[in-house]
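Asker: Starting off with a structure, shown below.
The values are calculated or read from the model by the stated rules, or taken from the named source; none is laboratory data. If you're wondering where the values come from, they're calculated on a predicted model, not measured in any experiment. In this analysis, Cβ positions are derived from the backbone assuming ideal geometry, glycine residues included, and neighbour counts consider all displayed protein chains. The area values use the complete protein model at the heavy-atom level, side chains included, leaving out ligands, DNA and RNA. Shrake-Rupley method; radii C 1.70, N 1.55, O 1.52, S 1.80 Å.
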Amino acid sequence: MSKEKYFIDVILPVALPKLYTYGVPDEFSELIRVGQRVIVQFGKHKIYSAIIENIHNNAPADYQPKDILSLLDEKPVVNQKQLDFWKWIAAYYMCTLGEVMNAALPTGLKLSSETKIIINPSFTGDYTDLTEKEFLITEALANRNILSLVEISELLGQRTIHHIIKSLIDKGVVVVHEELVERYKPKLETYIKLSDEAEVEDNLKLWFDKLGKAPKQLELLISYINLSKRYSENKKKVKKTELLKSVNITSAPLNQLIKKGLFEQYTKEVDRLGSNSDIFADGVQPKDAAELNEHQSKAIDEIKNSFETKDVVLLHGITSSGKTELYIQLIKETLDKGKQVLYLLPEIALTTQIIERLKKHFGNKVSVYHSKFSQNERVEVWNNILKNNEIKGRDKSSIILGPRSSIFLPFNNLGLIIVDEEHDSSYKQFNPGPNYQARDAAIYLSQLHSSKVLLGSATPSVESYYNARSGKYGLVEINHRFGDIKLPEIEIVDIQTEHKKHRMKSIFSQQMIDYISIALEKGEQVILFQNRRGFAPMLECQTCGWTPHCQHCDVSLTYHKHINLAKCHYCGYSIETPSKCSACGDVVIKMKGFGTEKIEEELATFFPKANISRMDLDTTRSKHSYHNIISNFEDRKVDILVGTQMITKGLDFDNVSLVGILNADNMINFPDFRAHERSFQLMMQVSGRAGRKNKQGKVLIQTFTPDHVVIQQVVENNFIGMYQNEIIQRRNFKYPPFFRLIQINLKHQKIDYVNGASKLLAKDLRKHFDKRVLGPEFPIISRVKNLFIKNILIKIERDSSLNKAKKLIHQSITQVKTMSDFKSVNIHVDIDPM
């Protein structure tokens, strides 16, 4: 009797509307599991690693399935809850499972035939553990430096080479080419230990006698005994650097003792993610949670009571009310139940401070996951969580701290998800797809794990606050700052009046200069906020009005003085700063507006003795740049910190007495229905950085419109007033939270194709949605990276079926895409656009 044939449906890392089915050779039939990676051929030449989504015995009726080429994993790297989560993301945000897989999996877990392989920079040249084929590949790389998987396949004369490559990666011989760019090397630490012979107590006594005439070597031995705590219960491993530092000598005497056989040295890979396993060694205990004040105690009780009946609770606590201490209390209680915690943050910059606070309480239970990590580091976090799932009682990676991509990690026992600064637009993924909202996705993820979600913010989003006020979420509010520190005093400067009276000094009002001077004289620090980077947003000819524009996007170029380039912030195109007008030839080119770079330079003129630092996208590109800037400011090595919205989000500094907002108007006047809400949030958040610990701070807002309703709401700290105004506007004009928005985005290099396809699509959509369809319209930036763009917006009532609406939209898009003229038009759907 023939053995029954197995088939698997797999998720490929490409945007396919359906799963693809492959056959399973008998040699793998007993080994396959859902969530493992398999190597498959797709099309004539492409080879990918795919994820097994389903195992069955049903051959596809419409095509002859190929067999898988190889099985990469002994155990699944993706669990069932993740697959269910991926399916929900794909269904809700109208994308493919392949797109979700690409967003979810670290690159280090994905291989394709186009992957490039290089020698690992830390490979020592030890070939003893290599198979014959692994040796051939290593030798070829020594001569060629870089090889594609196709070239390696040809070199070995076989198609199935991925298992060999995986083995070489596991042995530390090779890395994928993407990792070379980041120059990643495993972090190794050298340790010293007594040799097996010297470990015997009688022999060790003899060594003391032998070294009587070598005082430096004897001193090393005595120091080692002390550092290792040899005669105590809590023995400790001794680092080479620590031992040498303890006796303040070179490594020569130590090398002599290693040569004589007293010591041995060995290397150990240190957790590159900072989860130091010895963090609480030598009797040092985790820091107890701080004692909560009466307002915090009341809030924690209300949160727990709300969790009895609600799965989601919104914590609305004003800036510096001590929300993080509440998070720490809830995390501790969750860990005590043996469950995992996901702590989401909108910006990588915030992890720098929060990780230190969490590690004081939880040590190596905390792991961080974000885009500044190399691919190997991300894989390490992934694997740590998988191990945490397998080993009962394992503490490592019980708390994951990170931005939106952290929701895709392989949790299997989540007990709590904290979404800090829940209002922040950074939780929305824009490009590439899927365009998910991490805050909303986290709520669905919590349902899969039967866990709880705590949303925290001093300025909640209108939608979240509406959900809390209407009873969908629990609502807990703290209206007192920790230590009863007063909210900052907010003062408005009318810069239109200041210009008329000739009191402006460059981009600073006289009041701003005076307040900065006073703060610096007192040894206090200053934060200045401007939500534009670069030196000047625009260059303009004073004679004819010509402005240099990007060749690929419909935007003016931003001048960056430190590199003397005019750059496009959309595609990266740049030119040397023009010395004369390209239209009329005049040489009078003037800078319009100002960004963070110009503020930094101007400050140096007015305050030459002050230490000034800048935090924006241009200064935080390297891996440790956030940490360095924030640490320097915390350590008071920096007097004035200039930044974009990165500095507004939950950072906690002790010595900031003044916050300056240099131009409030460019936020308020942005043409978007959320502009007033976001302006209020940004200004309130950055204002909250002033006077957080010792005394009341001051906030100075420069504006051309001092009587604007949003400016006045900020002065009064009137969140409820802002919320009520927004709710009226949203209800009247059919915006969230009363209506759902779906935006359809069409792109093509030829404007006629975009116009034709968008007009036809809008016409077909109106058959189903009538007046709910707005557009098609060109957005403010109508061309990006040589692609013309048109948008169609659909407003759908909250009580209407979203699934039915998405089905109708999909049908209309499919109909347009079947037309030969419009097959090449890129049509993308964004559910709940920001």
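Asker: Is the stretch 19-39 home to any residue that is within 27 Å of the chain's Cα centre (by Cα), within 17 Å of Phe408 (Cβ to Cβ) and not in a loop (DSSP other than H, G, I, E, B)?
Answerer: So in the stretch 19-39, the residues within 27 Å of the chain's Cα centre (by Cα) come out as 35-37.
Pick out the ones that are also within 17 Å of Phe408 (Cβ to Cβ) and you get 35, 37.
Filter again for not in a loop (DSSP other than H, G, I, E, B), leaving 37.
Among the residues of the stretch 19-39, at least one is within 27 Å of the chain's Cα centre (by Cα), within 17 Å of Phe408 (Cβ to Cβ) and not in a loop (DSSP other than H, G, I, E, B), which makes the answer yes.
One line per residue, one yes/no per condition, for (1) assigned to a loop (DSSP other than H, G, I, E, B); (2) modelled with pLDDT under 75; (3) of a type in the set (Ser, Thr, Tyr); (4) touching a His at 6+ places or on another chain (Cβ under 8 Å):
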position: Ile89; (1), (2), (3), (4): no, no, no, no
position: Met94; (1), (2), (3), (4): yes, no, no, yes
position: Met101; (1), (2), (3), (4): no, no, no, no
position: Ile117; (1), (2), (3), (4): no, no, no, yes
position: Gly125; (1), (2), (3), (4): yes, no, no, no
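Asker: Assuming Val587 fulfils every condition listed in (1) part of a loop (DSSP other than H, G, I, E, B); (2) in contact (Cβ under 8 Å) with a residue 24 or more places away in the chain; (3) touching a Ser or Thr at 6+ places or on another chain (Cβ under 8 Å) apart from one, which condition is it?
Answerer: Against the list (1) part of a loop (DSSP other than H, G, I, E, B); (2) in contact (Cβ under 8 Å) with a residue 24 or more places away in the chain; (3) touching a Ser or Thr at 6+ places or on another chain (Cβ under 8 Å), Val587 comes up short only on (2).
Asker: Also, quick follow-up: Inspect the stretch 797-804 for any residue being surrounded by 17 or more Cβ atoms within 10 Å (Cβ to Cβ) and at pLDDT 90 or above and give the result as yes or no. Before the answer, list the steps.
Answerer: Taking the stretch 797-804 as the starting set, the residues that turn out to be surrounded by 17 or more Cβ atoms within 10 Å (Cβ to Cβ) are none.
No: the stretch 797-804 contains no residue that is surrounded by 17 or more Cβ atoms within 10 Å (Cβ to Cβ) and at pLDDT 90 or above.
Asker: Which of the following residues is in contact with a Phe, Trp or Tyr (Cβ under 6 Å, 6 or more places away or on another chain) and either in contact (Cβ under 8 Å) with a residue 12 or more places away in the chain or farther than 26 Å from Tyr735 by Cα (or both): Ala762, Ala757?
Answerer: Numbers: Ala762 fails: in contact with a Phe, Trp or Tyr (Cβ under 6 Å, 6 or more places away or on another chain).
On inspection, the qualifying residue turns out to be Ala757.
Asker: Sticking with this one: Any residue in the stretch 331-339 that is modelled with pLDDT of 85 or more and buried (at least 22 other Cβ atoms within 10 Å of the Cβ)?
Answerer: Looking only at the stretch 331-339, we keep the residues that are modelled with pLDDT of 85 or more, and these are 331-339.
Remaining after also requiring buried (at least 22 other Cβ atoms within 10 Å of the Cβ): 331.
Checked the stretch 331-339: at least one residue is modelled with pLDDT of 85 or more and buried (at least 22 other Cβ atoms within 10 Å of the Cβ).
Asker: Among the strands (runs of 3 or more DSSP E) lying completely within the stretch 452-508, list those that include at least 2 residues that are at pLDDT 95 or above. Don't jump to the end; show me each part of the working.
Answerer: Details: elements: 452-457, 474-478, 489-494.
Here the list reads 452-457, 474-478.
Asker: Within the stretch 636-666, track down each residue that is touching a Lys or Arg at 6+ places or on another chain (Cβ under 8 Å), crowded, with 21+ Cβ neighbours inside 10 Å and not β-branched (Val, Ile, Thr).
Answerer: Hits for the stretch 636-666 are Leu641, Gly643, Leu651, Ser657, Leu658.
Asker: Let me ask something else about it. State yes or no: is Ser613 farther than 21 Å from Glu422 by Cα and in contact (Cβ under 8 Å) with a residue 12 or more places away in the chain? Before you say what the answer is, go through the steps one by one.
Answerer: Working: farther than 21 Å from Glu422 by Cα: yes; in contact (Cβ under 8 Å) with a residue 12 or more places away in the chain: yes.
Yes; evaluated as a whole, the condition is true for this residue.
Asker: Something else now. Name, by its number, the condition in (1) under 30 Å from Asp73 (Cβ atoms); (2) open to solvent by 70 Å² or more (accessible area, probe 1.4 Å); (3) in contact with a helix residue (DSSP H, G or I) (Cβ under 9 Å, 6 or more places away or on another chain); (4) in a helix (DSSP H, G or I) that does not hold for Lys210.
Answerer: Condition (1) is where Lys210 drops out.
Asker: Output the helices (runs of 4 or more DSSP H) that fall wholly within the stretch 692-794 and possess 3 or more residues being among the aromatic types (Phe, Trp, Tyr), or say none.
Answerer: Values: elements: 709-715, 719-733, 751-769.
Here the list reads 719-733.
Asker: While we're here: Please name all residue pairs, on different chains or six or more residues apart, with Cβ atoms under 9 Å, provided the first residue is in the stretch 382-406 and is surrounded by fewer than 19 Cβ atoms within 10 Å (Cβ to Cβ) and of a type in the set (Gly, Ala, Ser) and the second residue is modelled with pLDDT of 85 or more and not in a helix (DSSP H, G or I).
Answerer: So the pair list comes out as Gly393/Gly338; Ser405/Gln429.
Asker: Related question: In this structure, does Ser70 turn out to be surrounded by 17 or more Cβ atoms within 10 Å (Cβ to Cβ), at pLDDT below 95 and at negative phi? Don't jump to the end; show me each part of the working.
Answerer: Working: surrounded by 17 or more Cβ atoms within 10 Å (Cβ to Cβ): yes; at pLDDT below 95: yes; at negative phi: yes.
Taking the combined requirement at face value, the residue satisfies it.
Asker: Considering only residues of the stretch 616-635 that are acidic (Asp, Glu) and open to solvent by less than 80 Å² (accessible area, probe 1.4 Å), which is nearest to Glu347 (Cα to Cα)?
Answerer: Restricting attention to the stretch 616-635, the residues satisfying the condition of being acidic (Asp, Glu) are 616, 618, 634-635.
Next, from what is left, pick out any that are open to solvent by less than 80 Å² (accessible area, probe 1.4 Å): 616, 618.
Working: Asp616: 12, Asp618: 15 Å.
Only one residue fits best here, namely Asp616.
Asker: Another question, then. May I ask you to verify whether Gln353 is under 20 Å from Thr324 (Cβ atoms), modelled with pLDDT under 90 and in contact with a helix residue (DSSP H, G or I) (Cβ under 9 Å, 6 or more places away or on another chain)?
Answerer: Working: under 20 Å from Thr324 (Cβ atoms): yes; modelled with pLDDT under 90: yes; in contact with a helix residue (DSSP H, G or I) (Cβ under 9 Å, 6 or more places away or on another chain): yes.
Criteria met by Gln353.
Asker: Please find, within the stretch 369-410, the residue that is modelled with the highest pLDDT out of those that are touching a Gly at 6+ places or on another chain (Cβ under 6 Å) and outside any helix (DSSP H, G or I).
Answerer: Step by step, filter the stretch 369-410, then rank; the result is Tyr369.
Asker: Quick check on the stretch 248-303: of everything there that is within 34 Å of the chain's Cα centre (by Cα), of a type in the set (Ser, Thr, Tyr) and surrounded by fewer than 15 Cβ atoms within 10 Å (Cβ to Cβ), which residue is modelled with the lowest pLDDT?
Answerer: If we filter the stretch 248-303 for residues that are within 34 Å of the chain's Cα centre (by Cα), which is where we start, we get 267-281, 284-293, 295-303.
Pick out the ones that are also of a type in the set (Ser, Thr, Tyr) and you get 267, 275, 277, 297.
Subset that is surrounded by fewer than 15 Cβ atoms within 10 Å (Cβ to Cβ): 267, 277, 297.
On the way: Thr267: 83, Ser277: 40, Ser297: 90.
Selected residue: Ser277.
To keep it simple, each residue is scored yes or no on (1) over 30 Å from Asp654 (Cβ atoms); (2) not charged (D, E, K, R).
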{"residue": "Ala442", "(1), (2)": "yes, yes"}
{"residue": "Lys452", "(1), (2)": "yes, no"}
{"residue": "Gly456", "(1), (2)": "no, yes"}
{"residue": "Gly471", "(1), (2)": "yes, yes"}
{"residue": "Gly474", "(1), (2)": "yes, yes"}
{"residue": "Arg481", "(1), (2)": "no, no"}
{"residue": "Ile492", "(1), (2)": "no, yes"}
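Asker: Quick one: would you say Ile813 is at pLDDT 95 or above, of a type outside the set (S, T, N, Q) and part of a helix (DSSP H, G or I)? Explain how you work it out, then say what you get.
Answerer: On the way: at pLDDT 95 or above: no; of a type outside the set (S, T, N, Q): yes; part of a helix (DSSP H, G or I): yes.
No, not satisfied.
The rows are residues; the columns are (1) under 30 Å from Val493 (Cα atoms); (2) of a type in the set (A, V, I, L, M, F, W, C); (3) open to solvent by 50 Å² or more (accessible area, probe 1.4 Å).
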position	(1), (2), (3)
Ile701	yes, yes, no
Gln729	yes, no, yes
Asp770	no, no, yes
Phe778	no, yes, yes
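Asker: Quick one: what pairs do we get from the stretch 817-828, first residue over 18 Å from Pro17 (Cα atoms), second buried (at least 16 other Cβ atoms within 10 Å of the Cβ), C-beta under 7 Å, 6+ apart or different chains?
Answerer: Asp821/Tyr753; Asp821/Gly756; Phe822/Tyr753; Phe822/Gly756; Phe822/Ala757; Phe822/Val816
Asker: In the stretch 680-734, which residues are at positive phi and of a type in the set (D, E, K, R)?
Answerer: Within the stretch 680-734, Lys734 is the sole residue that qualifies.
Asker: Does the stretch 578-611 hold any residues that are within 25 Å of Val659 (Cβ to Cβ), surrounded by 19 or more Cβ atoms within 10 Å (Cβ to Cβ) and among the hydrophobic types (A, V, I, L, M, F, W, C), and which are they?
Answerer: Phe594, Ile599, Leu603
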